[in-house]
Amino acid sequence: MNKKERIGIYPGTFDPVTLGHLDIILRASEIFDKIIIAVSENPYKNPLFSLEERIDMLRKSVKHPRVTVESFSGLLVDYVANKNASVIIRGLRSATDFNYEFLMAQTNNKLSKNIETIFLISKTEYSFISSSLVREIASYGGNIAHFVPEIVGKMVKTKIYKKKT
């Protein structure tokens, strides 16, 4: 009898991807046979990077044989079901994150009883890092090297510079 492949979906905007995101991906890869990083189009946010740029950023940052990067739009539970996955992976930095993520997990469970959400707690050194914080620091010319992979730092600086000119 074949064991079913354990597929986890790690959704997000990833604008930009941070070291905290990468830590969650690495740790989740120890739990699942396959991780799909699902980059959200999310028309309600105003991202710094285009969808294609965010996907490129993740592909350059994540080099793992069991991790793929894709985009999605629409309901996350529909995407998860289409990928034959049953688990949504979410990272938690704080109690504030938990409150929001708990409500989202409950909502997703109501929409599809076959989908579970697992929470991975951020390591202490990443617990304060957010994409919005990185964008803000970079917009003032601050050093973001401790928050993002080197390639992402270069992409953020280039994008901020172009936006200012």
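Each value in this text was obtained by applying a stated rule to the coordinates, not by laboratory testing. Since the structure is predicted, the reported quantities are computational estimates derived from the model, not experimental observations. Quick reminder, even Gly has a Cβ in these numbers, built from the backbone with ideal geometry, and neighbours come from all protein chains shown.
Only sites in a loop by DSSP and with at most 14 other Cβ atoms within 10 Å count here; which chymotrypsin sites (Phe, Trp or Tyr not before Pro) in the range 61-165 make the cut?
Phe128, Tyr140
Just add up the charged neighbours of Pro47: K/R +1, D/E -1, any other residue whose Cβ is under 13 Å from the Cβ of Pro47.
Net charge around Pro47: +1.
If one takes the longest principal axis of the Cα atoms in the chain, at what angle in degrees, from 0 to 90 and to the nearest 10, does the Cα axis of helix 51-61 lie?
90
If the limit is 20 Å between Cα atoms, which of Lys4/Lys34; Lys60/Lys154; Lys45/Lys159; Lys34/Lys83; Lys123/Lys157 go over it?
Table pairs above 20 Å Cα-Cα are Lys123/Lys157.
How big is the charge dipole of the range 38-106 about its Cα centre, in debye rounded to the nearest 20, if each Lys and Arg gets +1 on its Cβ and each Asp and Glu gets -1 on its Cβ?
300
Projected onto the charge dipole of the range 7-164 (+1 at Lys/Arg Cβ, -1 at Asp/Glu Cβ, origin at the Cα centre), which of Ser94, Asn143, Ile115 gives the Cα projection farthest towards the positive end?
Going by the Cα projections, it comes out as Asn143.
Counting C-alpha atoms alone, how compact is the chain: give Rg to one decimal and Dmax as a whole number, in angstrom.
Answer for the chain, Rg first and Dmax second: 16.0, 61 Å.
I'd like the trypsin sites (Lys or Arg not before Pro) in the range 57-103 restricted to DSSP loop residues with at most 13 other Cβ atoms within 10 Å, sorted by number.
Answer by residue number: Lys63.
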